[in-house]
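> Please see the structure below; I have some questions.
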């Protein structure tokens, strides 16, 4: 069975790649395109470390086939900062010490970005439930939630 | 609400220490640039995979790898025959002594597979797909043996025997028969019989806890490259690159100097990455294939084949007078070690009553092997289990005596000069301060509603020091590179750079901290035991003082004055009290500029064995609500209070307290290993091994108490482990007050809680 | 001959299965296979898991129902329908399924559409739960159905998961199914013999098994416009607040008359039997009542009586039986408030 | 003479002695003296035990000083996670 030729837009750039039908989008990002910012924590959609935005929807890249990305737009953590300007969420995560080991951080940032694009003024509860699919074992979530609420406030003001 | 209350802080005024700067490795971690264990790709790289035992206990009759070897694309296949068999020899690691005879058998089963998931063979192939295919072609013949999972059953005389050469250590005379009990330990103080005789109230209970996993989000991963001449490089996610080097060199029969280990960024460890699993296999495969080999565990492999912490049975008996003074305390701890000896029962025994000032104590512990993965360290190894039991009984005693649980603890709290139950006297410790801070915290007075309860518990952990190196290199422009040898698992590059800047008197952004590989520094013990900010911090401060000494020498040469006439102030070499005339102070940049002419490059080094780690004590307060119809427990409010000695970067100290508290909430309410009748793990994934999610928990308020550790130049204590000690008892105590039911088994999952509530209802109905 | 230690498949709890969605499961035959709940089965147990890449499974993305039917028919059971993929990809990874062909139906416009008319709503089988949850009309008419699909997995899962997959994965614990059953949803099925409509409760025939014939697949669902003074609700019990598989799930839909008497009710029950259940006895306990405490008690008893659960890693028989009644009572109260509100 | 206090397992190995007087000015001398007096103890003293001198714990520190009136406890070495 030949590999499929897939054309997609990744972080705004046109990208072409070959992938086997059973390769996941996460396999493709990490092992074909070397975009290793998306992490594999479980491979079953339970940890959110591979969160990416696919055509405007937050998804787990481990639960999407590479071939399904044909013609789609994919946003990953690598595309979050604009040049040397960090996204407000990235800056707030740093200021609030919202990461310890940092392996879940890309997934949280991508998921939080998707939230704020839909809901610029989330309550603490809305943030917690939206991020329930992103596991963090280091922080106890406290500083992550604070950073997201902070970033939301800053984005609203600007 | 996070506040820092200073208690008896030393006179030293800090400029950098105690502030909250951005961590130096932060940008890489919010942009996806940081390279973790599985993020490295190199040319000509093979993928390695492990074949694992489907049986909990089986003799390996034969392994035929010929079909796998023959599969196109397969470059190497290994079994235990490719690793050194080693004699029984205990050496320190992570949580306690490790035995290389056991370690080589744990990374690759030899005579027997001792747990489901136990590695029996491994392959390296051109792709993951080919490697998986090859695993299916390896023919292993097993003779399935009866297995044992429960610690009590394993201790019975006719239990299935894991190791027929295991004779219990610590029992005189030496037992005539082998057993699954590896070791018996005992700690005693005073006369408990006499103590109980003086007690007005005695409470005695048995507790059961299940094995729980550290649950780090990053699975084990490594990339090994062994060249034809035997020189090797290993990239891996670990808490200790030097420990990995030592273990792997031993298991592969290599010279330590031939193996360079680089610690990747590490995606959580909590003790679970203080041992080796894939690393020696990847090296053995690479040595055979003469190509780089990358290995990454699946999440299911992590749960099945890496070390959780012990499940246990703990019996506790405590007696107290009606006035609330504890007169005697006893405990018997039976800890699962997994397939090989080495449970954390010893520290469990030592921690059990450590928070209290007791005259009569007796603790006995048993280290018991069962057909489960060999346990690894998990945050304060052993402590949370025994202290859960003790703090539960303490709470019940307080209730029985109609005393406020904080008052009761204050009446018995250990303080400076108290003789610890395990022997020595304590130096300055902060338990009393944490209890007082808890009592005066608004949380402790907040009203509660129906079906809600408030629980309190305290916790103790020793903390350690150990062998540590650090180097500071002065750049030509006066900037400084800091090289440390302890992987940064939660912000230690920030705290170490802060201590270097503090000591040198320069701006933090002039210091670039990096974690060196094993060729960059002398030996460093691992990141564990809450030792990094203490030990590496101590080494960094010594290295800074060493560099300052050299800087002053160079300044003296520049000025052509005796070195005595130069002092280091505010990041500059200055003329000592008027001596040396009207000379302009020299900055690091000034001195660096002429370093070549005054004697060459300027470095500061420290190679120490850090002693004098100070114990850290904590008190946690939690409110829960219990749904009486479903048994579901909800954590409503949580406050963690802990003595940090000196919080170098308070945000990351709070982070340790918050993270430990939430791990404890998971341990208390939902986390457990569930095995089926055949000894196979039923929940090896994050779907059914239920660690807390964001919506499960409230904000975790923190109060940092600072009782300086006199043995650290800045008063630092370790803080990382203690936070996981109090939560289980604090929550059980809260549930007890909400329901009137004392839960002695973890986790307090909805079915278990509802069953107890219904049983109580039925009993009341009868009466 | 001693046990060769060949990797073997085995099931987690017999009824364990899974809350999110993937294969529309046209040919899920045989015992229940992968589910995110029984990851107990992992790489180690895979029989010829992944052949060298590119040698086994093909992927096609048809643009019409006819094309899809033809592809499925041509592969005679060796093809799997891919919708959200949140189950199917896990099954592929863990080797529970090894199809020759995966047919991605998301490229068929009709399967992604959410349409409403005077009669009610038509929801494409491959519309994502997130899309459905954002549809104001569906949200207003069937809040219980929406709250059910908003419980499926995480935000990320809901970005992919579909009603068709959640149904055809044929898990007893699927969150959306009891709510759809309570709502009286009809399932639209296309196949070689044309299209047919079947009540949702008639689709799942056992753990991992559906009543769909070879070559058939689910193309959509029909939900009636609710009658006046109607309301529905779905509640489930899980150990955490999110991310777990339902230990018990209950959907209740009811209609009141002007005087507040219940004239119509349906109760759907999940995770307490080999299939999701429509519990007529439970509905009868409500009909003719004012949904008062007495009726709610009868509802709880009837609901518990209908349970035929097992003990597994997620709950005990006794726990499931008791909590089913509790949740039924709580869900009926919410449905009553919603009904009274319009 | 420093007072050395043994507990639990070590006490058993030292024939039940709870307290021993030892002439030693540092940890190495102390361990040597103990090993000579109680051969059963020797192997255990080599690794796995830390020495608490007047309350302060030393691990693997041969040359930590011991005063004439010091109270010394042998406690299991702690590693931690």
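Read-outs: derived from the displayed coordinates by stated rules, not from any lab. Being a predicted model, the structure only gives us computed values, none of them experimental. Reconstructed Cβ throughout: ideal geometry from the backbone, glycine too, with neighbour counts over all protein chains shown.
> Note down the relative contact order for chain D as a percent, whole number, built from C-alpha pairs under 8 angstrom at least six residues apart.
On the way: 134 pairs, mean separation 29.6, N = 81.
It comes to 37 percent, rounded to a whole number.
> Let me know the whole percent of all Cα-Cα pairs from segment A:4-79 that are separated by more than 17 Å.
32 percent
> Could you check the spin-label model distance between residue C:119 and residue D:67? Points 7 Å from the Cα along Cα→Cβ, value in nm.
With each label placed 7 Å out from Cα toward Cβ, I get 9.6 nm.
> Still on this structure, please answer the following. Tell me, what is the FRET efficiency for residue B:607 and residue C:311 to the nearest 0.05, using R0 = 45 angstrom and their Cβ-Cβ distance as r?
On the way: r = 58 Å, r/R0 = 1.29.
After rounding to 0.05, the efficiency reads 0.20.
> Just to confirm the number: angle between the C-alpha axis of helix A:105-118 and the first principal axis of chain A, 0 to 90 degrees, nearest 10?
Result, in degrees: 80.
> OK, next. Mind sorting C:59, A:34, B:216 by how few other Cβ atoms lie within 10 Å of their own Cβ, fewest first?
A:34, C:59, B:216
> How high is the relative contact order of segment B:353-506, in percent, with contacts defined as C-alpha pairs under 8 Å that are six or more residues apart? Don't jump to the answer; show the numbers that get you there.
Details: 108 pairs, mean separation 34.6, N = 154.
For segment B:353-506, the relative contact order is 22 percent.
> Take every DSSP beta bridge whose two residues both sit in segment A:4-79, then give the antiparallel share in percent to the nearest 5.
Percent antiparallel among DSSP bridges in segment A:4-79 is about 90.
> Here's something else I'd like to know. For segment B:441-519 and segment C:187-224, what is the separation of their Cα centres, given in Å?
Spelled out, the Cα-based centre of one part sits 59 Å from the other.
> Enter the Cα centre distance for the pair segment B:653-716 and segment B:274-311, rounded to the nearest angstrom.
Result: 25 Å between the Cα centres.
> Apply the a/c threshold of 1.5 to the C-alpha gyration tensor of segment D:2-76 and tell me whether it is rounded, prolate or oblate.
Taking the square roots of the gyration eigenvalues as a ≥ b ≥ c, segment D:2-76 is rounded.
> With 5 Å bins from zero, work out the P(r) of segment A:76-151 over every alpha carbon pair and list the percent per bin.
With a bin width of 5 Å, the distribution comes to 3, 17, 31, 28, 16, 4, 0.
> Give the calculated FRET efficiency between residue C:258 and residue A:155 to the nearest 0.05, with a Förster radius of 56 Å applied to their Cβ-Cβ distance.
After rounding to 0.05, the efficiency reads 0.70.
> Also, quick follow-up: Rule-of-thumb check for segment B:466-610: C-alpha Rg over 2.2 N^0.38 Å?
Normalised Cα radius of gyration, segment B:466-610: 1.07.
> Report the FRET efficiency, 1/(1 + (r/R0)^6), for residue C:224 and residue B:449, where r is their Cβ-Cβ distance and R0 is 60 Å, rounded to 0.05.
In this case the efficiency is close to 0.90.
> Only Cα pairs under 8 Å and at least 6 apart count here; give the relative contact order of segment B:267-409 as a rounded whole percent.
Working: 241 pairs, mean separation 38.1, N = 143.
Computed value for segment B:267-409: 27 percent relative contact order.
> Sticking to Cα atoms, compute the Rg of the protein assembly as shown to one decimal and its Dmax as the biggest Cα-Cα distance, whole number, in Å.
31.7, 106
> With both bridge residues required to lie in segment B:482-620, what share of the DSSP beta bridges run antiparallel, to the nearest 5%?
Counting DSSP beta bridges with both partners in segment B:482-620, the antiparallel share is about 65 percent.
> A follow-up question, please. Test of understanding: ordering D:69, B:590, B:85 by Cβ neighbours within 10 Å, fewest first, what list do you get?
Numbers: D:69 9, B:590 17, B:85 12.
Final ranking by Cβ density, sparse to dense: D:69, B:85, B:590.
> Testing the spin-label approximation: label points 7 Å from Cα along Cα→Cβ at residue B:201 and residue B:563. State their distance in nm.
6.5 nm
> Distance between the C-alpha centers of segment A:92-158 and segment B:133-200? Whole Å please.
Segment A:92-158 and segment B:133-200 have Cα centres separated by 46 Å.
> Can I ask one more? When the helices in chain B are scored as -39500 (n - 2.57) per DSSP H run of 4 or longer and the sum is shared across all residues, what 222 nm value do you end up with, to the nearest 500 deg cm²/dmol?
The per-residue figure over chain B is -8000 deg cm²/dmol.
> Ok, one more. Taking the simple approach of a point 7 Å from Cα along Cα-to-Cβ for both residue D:28 and residue B:169, what is their distance in nm?
Rounded to a tenth, the inter-label distance reads 2.5 nm.
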